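For reference, the structure discussed in these notes is given below.
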Amino acid sequence: MKYLTFAIASLAFSIEAPAQSTFPDLKGTWTGKGQSVVYGSNPHHPAEQSAPVPRLREFEFTFVVTGQEGRSVWGYNNSNVAQTNEPFAWSLTNNGRSAIGADTDGYYQITLEAADSMELCYAHNRLSPSGSIVASCATYKRVNR
């Protein structure tokens with residue numbers, strides 16, 4: 001009986017969930033337009049006001065994915081207002097259909113909709129270097145690989 005218990009326990013530890021062996025290639029240039037909710041001012045959402053009043057701000061962003069190794073993705077982004085070349089790092093989930101990430105002051109949640117389309121949501125809090133608060137989601141399309 002103890003050998004049967006040992007054999008079952010050994011089998012249980014050797015069974016693993018199937019892992020994603022290949023992740024989608026995200027390298028290239030992605031662009032999107034959308035709207036952000038913004039408190040305060042930062043390079044991508046400039047404003048004269050410093051009062052804590054929310055405003056809606058139209059944006060255009062470009063993400064350039066310069067490298068990828070497996071689930072790890074990196075590059076930089078710019079907006080139509082500020083050419084900051086702000087670096088970012090993303091990590092794909094095991095199913096290869098979503099990712100989380102960060103840049104110098106905020107965080108990303110990404111859902112891959114198709115090979116060349118993703119919904120990218122971004123947020124940062126008042127602890128960011130600019131002291132602003134930003135939240136937005138938009139669809140981004142790959143314009144070149």
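Side notes on the structure shown:
- Pairs where the first residue, in the range 130-145, is touching a residue at least 40 places away in the same chain (Cβ under 8 Å) and assigned to a strand (DSSP E or B) and the second is surrounded by fewer than 19 Cβ atoms within 10 Å (Cβ to Cβ) and basic (Lys, Arg), C-beta under 7 Å, 6+ apart: 133/126; 138/33
- Residue match in the range 20-30 (condition: modelled with pLDDT under 90, under 28 Å from the mean Cα position of the chain (by Cα) and closer than 26 Å to residue 119 by Cα): yes
- Odd one out for residue 123, checked against (1) surrounded by 13 or more Cβ atoms within 10 Å (Cβ to Cβ); (2) within 19 Å of residue 38 (Cα to Cα); (3) in contact (Cβ under 8 Å) with a residue 60 or more places away in the chain; (4) not polar (S, T, N, Q): (3)
- Members of the range 38-67 found to be at pLDDT 95 or above and either surrounded by fewer than 18 Cβ atoms within 10 Å (Cβ to Cβ) or under 15 Å from residue 136 (Cβ atoms) (or both), listed by number: 60, 61, 62, 63, 64, 66, 67
- Of all the residues in the range 61-108, those that are among the charged types (D, E, K, R) and over 14 Å from residue 124 (Cβ atoms) number 3.
- For the range 68-100, filtering for residues that are closer than 16 Å to residue 110 by Cα, of a type in the set (Val, Ile, Thr) and surrounded by fewer than 16 Cβ atoms within 10 Å (Cβ to Cβ) leaves 2.
The values are calculated or read from the model by the stated rules, or taken from the named source; none is laboratory data. Bear in mind that the values here come from a model prediction, so they are computed numbers and not experimental data. Cβ atoms come from the backbone with ideal geometry, glycine included; neighbour counts cover every protein chain shown.
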